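First the structure, in the form of C-alpha cells, and then the observations on it.
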Amino acid sequence: MSESKQLLHFVFGGELKATDQIAFKDLSKLDFVGMYPNYEEARKAWRAKAQATVDNAQMRYFVVHMHRLMDPSTDR
C-alpha cells in the first residue's frame, strides 16, 4: 500500500471584530487547532470547532491550504 502525498492544511480560528470582515479582536487569543495531512481531515477538525462555537456569531474558523503556500504550482 503506497502512502498518499501530504497536502498540508492548517486549521485555526478566533473571534472577529465584526461579522462582515476578517479582522480578529485579539490575535493573542487565536485558536491554533492543528495541521492536517489532507483537506478531508482538516475539514473534520474545522467542522467540529465551528459547530462547538455556533452560539458565538463572531467566532470563525478557517482552513489554510499550506501546501499551496509551500508549493504554488500545486493546484489542489
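The values are calculated or read from the model by the stated rules, or taken from the named source; none is laboratory data. Note that the coordinates shown come from a computational prediction; the quantities given were computed from them, not determined experimentally. We place every Cβ from the backbone using ideal geometry, glycine too, and count neighbours over all the protein chains shown. Side chains are part of the model used for accessible areas, which takes the heavy atoms of the whole protein and leaves out ligands, DNA and RNA. Shrake-Rupley method; radii C 1.70, N 1.55, O 1.52, S 1.80 Å.
Hey, can you tell me all the residues within region 49-76 that are assigned to a helix (DSSP H, G or I), open to solvent by 60 Å² or more (accessible area, probe 1.4 Å) and of a type in the set (A, V, I, L, M)? First the steps, then the outcome.
Initially, region 49-76 is screened for residues assigned to a helix (DSSP H, G or I), giving 49-52, 66-70.
Within this subset, residues satisfying the condition of being open to solvent by 60 Å² or more (accessible area, probe 1.4 Å) are 49, 51-52, 68-70.
52, 69, 70, listed by residue number.
If you go through region 22-48, how many residues are open to solvent by less than 90 Å² (accessible area, probe 1.4 Å) and either in contact (Cβ under 8 Å) with a residue 60 or more places away in the chain or part of a helix (DSSP H, G or I) (or both)? Let's see the steps before the verdict.
Of all residues in region 22-48, those open to solvent by less than 90 Å² (accessible area, probe 1.4 Å) come to 23-24, 26, 30-31, 33-34, 36-38, 41-42, 45-46, 48.
Next cut, either in contact (Cβ under 8 Å) with a residue 60 or more places away in the chain or part of a helix (DSSP H, G or I) (or both) only: 41-42, 45-46, 48.
Residues in region 22-48 being open to solvent by less than 90 Å² (accessible area, probe 1.4 Å) and either in contact (Cβ under 8 Å) with a residue 60 or more places away in the chain or part of a helix (DSSP H, G or I) (or both): 5 in total.
Per-residue answers, yes or no, for (1) of a type in the set (Gly, Ala, Ser); (2) under 12 Å from the mean Cα position of the chain (by Cα):
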{"residue": "16", "(1), (2)": "no, no"}
{"residue": "24", "(1), (2)": "no, no"}
{"residue": "27", "(1), (2)": "no, no"}
{"residue": "31", "(1), (2)": "no, yes"}
{"residue": "39", "(1), (2)": "no, yes"}
{"residue": "47", "(1), (2)": "no, yes"}
{"residue": "73", "(1), (2)": "yes, no"}
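Does at least one position in region 61-68 carry a residue that is in contact with a helix residue (DSSP H, G or I) (Cβ under 8 Å, 6 or more places away or on another chain), modelled with pLDDT under 95 and not polar (S, T, N, Q)? Give the derivation first.
Within region 61-68, the subset in contact with a helix residue (DSSP H, G or I) (Cβ under 8 Å, 6 or more places away or on another chain) is 61-63, 65.
Of the ones still in play, those that are also modelled with pLDDT under 95 are 65.
Adding the requirement that they be not polar (S, T, N, Q) leaves 65.
Yes, region 61-68 has at least one match.
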